[in-house]
Ligand SMILES: Nc1ncnc2c1ncn2[C@@H]1O[C@H](COP(=O)(O)OP(=O)(O)OP(=O)(O)O)[C@@H](O)[C@H]1O
Ligand SMILES: [Mg+2]
């Protein structure tokens, strides 16, 4: 077994890259695929915070600094996904040597079906490194011109490196009326839209529970999309109706009955 490495990246901050990395990883692991999620956003790591591993002693930062063994910094996560989180300490950032990240990947590649890299946003030394390590790139794009402009830059630098794209996750849609359409994003970037995901309360709610959406709210639109994408990547055939799970209809509010007795 040799892992396929997916780098999840976006041109603009807050597009949903880390959210996508966590949920794609958890969905792949849910199909019994050995999956390792790595936070390579060394400057602003969030995977640990998002999955409740922020107080862990060993993280990718200590591994990159040579002060912890790799196996000490890999944790069991949802669906038995393995997680190599980052440290929130500033000193960790100062001590980390990203030059050895390629060697770290080489040393674990044989143990996994998939390795998901949560890349820093935009174009920087570390995001270019994360892109260079990818077998396939997934871009997370929001339906606005700023996000699309960033995405175009990521596309150009990745193409220049000879990298392959799996496609685009169009995320945080249906917020305003003047959003860019999926067709516009697809034709401008020349990349396939893998899924379109609405802005959903469930995403923020799952953050509060430090759990992936696919675990906490499996019936949500976002979860359905990640499960479908994971099945496609893993080559698993699942009937469409079992994948796109509609959000449950809102229950009507129960009327309140007053139990207070009339008093004279
Ligand atoms: N579809 C969505 N619906 C609602 N909230 C979302 C959605 N996608 C992402 N978010 C929220 O947006 C915020 C930013 O998401 P996330 O941290 O995944 O973005 P990012 O691209 O990794 O950001 P950064 O540039 O800081 O690395 C988070 O609070 C996340 O919960
Ligand atoms: Mg992030």
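The values are calculated or read from the model by the stated rules, or taken from the named source; none is laboratory data. As the structure is a computational prediction, the values presented were derived from the model and not from experiment. In this analysis, Cβ positions are derived from the backbone assuming ideal geometry, glycine residues included, and neighbour counts consider all displayed protein chains.
Details
- Any hit, region 112-123, residues being more than 27 Å from residue 29 (Cβ to Cβ) and within 14 Å of ligand 2 (Cβ to nearest atom): yes
- Test set (1) within 16 Å of ligand 1 (Cβ to nearest atom); (2) surrounded by 22 or more Cβ atoms within 10 Å (Cβ to Cβ); (3) touching a residue at least 60 places away in the same chain (Cβ under 8 Å) - residue 115 fails condition number: (1)
- In region 66-98, the residues that are touching a strand residue (DSSP E or B) at 6+ places or on another chain (Cβ under 8 Å) and assigned to a loop (DSSP other than H, G, I, E, B): 74, 77, 81, 85, 86
- Check on residue 146, away from ligand 2 (no atom under 15 Å from the Cβ) and under 14 Å from residue 190 (Cα atoms): no
- Complete set of residues in region 12-39 that are within 10 Å of ligand 2 (Cβ to nearest atom) and either under 10 Å from the mean Cα position of the chain (by Cα) or crowded, with 24+ Cβ neighbours inside 10 Å (or both): 15, 16, 17, 18, 19, 20, 21, 22, 39
- Test: residue in region 46-65 that is surrounded by fewer than 18 Cβ atoms within 10 Å (Cβ to Cβ), modelled with pLDDT of 95 or more and within 16 Å of ligand 1 (Cβ to nearest atom): yes
- Looking only at residues in region 175-230 that are more than 14 Å from ligand 1 (Cβ to nearest atom) and farther than 20 Å from residue 143 by Cα, the one that is farthest from the chain's Cα centre (by Cα) is 219.
- Unique match (being over 17 Å from the mean Cα position of the chain (by Cα), surrounded by fewer than 24 Cβ atoms within 10 Å (Cβ to Cβ) and over 25 Å from residue 113 (Cβ atoms)) among 70, 90: 90
- Near pairs, Cβ below 6 angstrom, 6+ apart or cross-chain, from region 184-195 (closer than 18 Å to residue 228 by Cβ) to any residue that is part of a strand (DSSP E or B) and modelled with pLDDT under 95: none
- Test: residue in region 2-24 that is more than 23 Å from residue 195 (Cβ to Cβ), away from ligand 1 (no atom under 16 Å from the Cβ) and modelled with pLDDT of 95 or more: yes
- Subset of region 123-147 [farther than 20 Å from residue 42 by Cβ and either surrounded by fewer than 21 Cβ atoms within 10 Å (Cβ to Cβ) or out of contact with any strand residue (DSSP E or B) (no Cβ under 7 Å at 6 or more places or on another chain) (or both)]: 135, 136, 144, 145, 146
- Checking each residue in region 172-229 for being surrounded by fewer than 19 Cβ atoms within 10 Å (Cβ to Cβ) and on the phi > 0 side of the Ramachandran plot picks out 174, 190, 210.
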